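A quick write-up on the structure given underneath.
The values are calculated or read from the model by the stated rules, or taken from the named source; none is laboratory data. None of the values given here were measured: they were computed from a predicted structure. So basically every Cβ, Gly included, is an ideal-geometry build from the backbone, and we count neighbours across all protein chains shown. When the accessible area is computed, the model is the full protein with side chains, heavy atoms only, and any ligands, DNA or RNA have been set aside. Shrake-Rupley method; radii C 1.70, N 1.55, O 1.52, S 1.80 Å.
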Amino acid sequence: MTNISENRNTGREVVLDTETTGLKIEDRVIELGMIELQDKIPTGRTYHMFFNPEGTPVHPDALAVHGITNQFLEDKPTFGSQISAIFAFLQNDPIVAHNASFDIRMINNEIKRCSSGQKLLPNEVIDTLKIAREKFPNADNSLNGLCRRFKINLDRRNSEGHGALLDCELLAECYEELTIGRNRRIMFDVPLERGNEYDHVTEIIAPKLKKDRGIGRPNTQELKRWQEFNRTCGFSN
């Protein structure tokens, strides 16, 4: 399932989630949500679409989870008609999903049904469920469980039910916690010349911290600069 994307070093990733008519191989994708990340942080670019399942009814058990009715889907486009837009958003960058094998299998099944000649998803796939199980064995590593662990607000999910874009938003926060950690504060843009690296360091750093939900976060370039700062100060090998 895992392929190395051509662009994996750009820092761009796509969080992805689906809702379906059910859990069987013949079931259809009826909602797709995607969120663009850059260096683990949402950029604000998203993709969200509902799809007509072309005669496959929504199973009652699935309806109880996501609340998407057959009637609501009647005037929606088919998955096949949106293939170009979906691949344009994904590009060749890694896909981040929770229990990723299910979402990728369902999307690839939709691609197989199309006559567009589009190949199956070539992207590297990052499964946050696998990451969570390695970090927190024997814990509740469902999306709800991770949100509770990281104190991520679940009010909307509890009141509205599952939704592909909403679940992507929650998963993006969980993925950030599982990888770089939302509460990590990194110093950067600090002069590296010896003799003044400690002078007024708070004044130097504070105005330059990236702001996202009020917490400073580094991008790839800033992490490299922080590592260079450590080496210059003799804090690392």
Accessible surface of segment 12-184 [probe 1.4 Å, protein heavy atoms]: carbon and sulfur percent: 49 percent
Table column - 3J(HN,Hα) (Hz), segment 71-87, Karplus curve with 6.51, -1.76, 1.60, x for Gly and Pro: 4, 4, 8, 4, 9, 8, x, 7, 4, x, 6, 10, 3, 4, 5, 5, 6
Bridge type composition, segment 12-184 - antiparallel percent by DSSP, nearest 5: 75 percent
Values of log10 I(q)/I(0), in the order q = 0.10, 0.15 Å⁻¹, for segment 12-184 under a Debye, Cα-only, solvent-free model: -0.37, -0.85
Under the Karplus curve 6.51 cos²θ - 1.76 cosθ + 1.60, θ = phi - 60°, whole-Hz ³J(HN,Hα) for segment 98-109, x wherever Gly or Pro sits: 9, 6, 4, 4, 5, 4, 5, 4, 5, 5, 5, 5
Alpha-carbon centroids, segment 54-71 and segment 32-53: separation in whole Å: 22 Å
Packing-based order for 109-115, 95-101, using average beta carbon neighbours within 10 Å, highest first: 95-101, 109-115
Whole-Hz ³J(HN,Hα) from phi, Karplus 6.51 cos²θ - 1.76 cosθ + 1.60, for segment 39-51, glycine and proline x: 6, 6, 10, x, 8, x, 7, 9, 10, 8, 8, 9, 10
Net charge over other residues, Cβ less than 15 angstrom from the Cβ of THR56 (K, R count +1; D, E count -1): -3
